[in-house]
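Chemist: Take a look at the following structure, please.
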Amino acid sequence: MSDQGRESFTDKVSKTVMPDSQKSGMDKTKDKASGGMDSVAGSMQPDSMKSGSQKAGDKSSSMYEQTKDAVSNTFSSDNSRFLLSYRAKRDK
């Protein structure tokens, strides 16, 4: 269970599970805003004041975002060109 004033874990999961391609523009904006507000609330609240489940939820959210950013950076257009040229050289 999430702490008071924080986004519920079920809401976080449901936003993550549904692909953006199936969301309206309004839903995407709402998801981004509520996620951002929850992130700010989590960073302002000291860990000593969080419940165990909230600490775990914040940690998993942080790890998810870091992984998502790493994957996004890996497959960005600049990196894709590098990977394609590397594969072409490797396969010769």
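The numbers here are math on the coordinates, done by the rules we state, and not lab data. Since the model is a prediction, treat every value here as computed from it, not as a measurement.
Chemist: What shape does the stretch 1-81 take by its C-alpha gyration tensor, where a ≥ b ≥ c are the square roots of the eigenvalues and a/c under 1.5 counts as rounded, a/b above b/c as prolate, and the rest as oblate? It would help to have the intermediate numbers written out before the result.
Modeler: Details: a/c = 2.43, a/b = 1.50, b/c = 1.62.
Cα axes put the stretch 1-81 in the oblate bin.
Chemist: Between the alpha-carbon centers of the stretch 25-76 and the stretch 1-19, tell me the distance in whole angstrom.
Modeler: One Cα centre to the other: 10 Å.
Chemist: Right, another one. Between residue 89 and residue 60, what length comes free when the chain is fully extended (0.36 nm per residue of separation minus the Cα-Cα distance, one decimal in nm)? Spell out each step's value before the answer.
Modeler: Working: separation 29, 0.36 × 29 = 10.44 nm, distance 3.81 nm.
Difference between extended and current length: 6.6 nm.
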